[in-house]
Amino acid sequence: MIKKLLPFAMALAFISTVQADEAEVRKAMEAKLGAKVESVTKSGYLGLYEVYMEGNIFYTDEKMTAFIAGGQLIDAKTMKNTTEERMRKLTAIKFSELPLDRAIKQVRGSGKRVMATFEDPNCGYCKRLAKDLQKLENVTVYTFLLPILSEDSLKKSRQIWCSSDRAKSWNDWMIDGKAPTGKEDCDTSAVDKNREFASKLKISGTPTIFFVDGERVPGAMPLDRIESKLGTAK
């Protein structure tokens, strides 16, 4: 019985030590930088701790003799960007909490594959994404208007939202370059609320993509990767 319990006890002791180390690093980091630390995790590389705070990942050793800020941690064996993968997990959301009634909804085919985007009508990368998304089948795309680039972005967003056919107005502009000509006289509070909501989610650029598992992808994403992420639902 003792032999059976020994590995379990050792595992508990290891977990307790790791948690204590992480708690100490968190406390020291908050005292050093004067900001709230959201999480501290052993990175598994070079004895470094991953520190997540204010939407960014930092790396440091247990004595905090140095910080790595803004750098990317790459696994030498797989060449995977560990920092990028961790950021996607740390910034994930609950898809069910997205206010989908404030988004432009487009359904193609069965619509079983679902994704959401936050986009500015004057964003070049968003226009490229809009053209790519037209190639997807059996998908539902929720597009949140997020005018952050200029006053003209806000004007166009309001015009698109007030259109009788929002999806058509959006695609006419983003894909064909036909500027919206409608009025801005409807209830456009959804656009303002989108900006407030995006701020809470710490969305700082467009496009930003969310998938149903909550994963966030900032910036443009190649169509083949979108297809892979959406899966093969029919």
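The values are calculated or read from the model by the stated rules, or taken from the named source; none is laboratory data. Everything numeric here is computed off the predicted structure, so don't read it as measured data. In this analysis, Cβ positions are derived from the backbone assuming ideal geometry, glycine residues included, and neighbour counts consider all displayed protein chains.
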message: Pairs needed: first member in the stretch 82-97, more than 20 Å from A198 (Cβ to Cβ); second member anywhere, of a type outside the set (S, T, N, Q); C-beta distance under 7 Å; at least 6 residues apart or different chains.
response: T82/L73; T82/I74; T82/D75; T83/I57; T83/L73; R86/E50; R86/I57
query: Taking the stretch 22-63, which residues are closer than 13 Å to R86 by Cα, in contact with a Gly (Cβ under 8 Å, 6 or more places away or on another chain) and not hydroxyl-bearing (S, T, Y)?
result: N56
message: Pull out all pairs, ordered by first then second residue, where Cβ-Cβ is under 9 Å, the residues are six or more apart or on different chains, the first lies in the stretch 215-230 and is of a type in the set (F, W, Y), and the second is at pLDDT 90 or above and surrounded by fewer than 18 Cβ atoms within 10 Å (Cβ to Cβ).
response: none
task: Considering only the stretch 41-71, state which residues are within 25 Å of S204 (Cα to Cα), at pLDDT below 90 and touching a helix residue (DSSP H, G or I) at 6+ places or on another chain (Cβ under 6 Å).
output: Y52, I57
query: Any residue at all in the stretch 180-190 that is at pLDDT 95 or above and among the β-branched types (V, I, T)?
result: yes
message: With the requirement that a residue be surrounded by 20 or more Cβ atoms within 10 Å (Cβ to Cβ) and hydroxyl-bearing (S, T, Y), what does the stretch 135-152 give you?
response: Y142, T143
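Residue-wise test of (1) in contact (Cβ under 8 Å) with a residue 24 or more places away in the chain; (2) closer than 20 Å to R225 by Cβ.
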| residue | (1), (2) |
| --- | --- |
| V114 | yes, yes |
| C123 | yes, yes |
| K131 | yes, yes |
| Y142 | yes, yes |
| L154 | yes, no |
| S163 | no, no |
| K168 | no, no |
message: I'd like to verify a number: residues in the stretch 153-181 that are under 11 Å from P121 (Cβ atoms) and either loosely packed, with under 15 Cβ neighbours inside 10 Å or basic (K, R) (or both), how many?
response: 4
message: Would you confirm, using the coordinates I've provided, whether K89 is at pLDDT 90 or above and under 30 Å from L146 (Cα atoms)?
response: no
- prompt: Name the residues in the stretch 182-200 that are assigned to a loop (DSSP other than H, G, I, E, B) and either outside the structural domain of S150 (by TED's automatic domain parsing) or crowded, with 17+ Cβ neighbours inside 10 Å (or both), would you?
  reply: T188
message: Six or more apart or on different chains, Cβ atoms under 6 Å: show the pairs whose first residue is in the stretch 20-49 and touching a residue at least 12 places away in the same chain (Cβ under 8 Å) and whose second is of a type in the set (D, E, K, R) and in a helix (DSSP H, G or I).
response: V37/R26; V37/E30; V40/E22; V40/R26
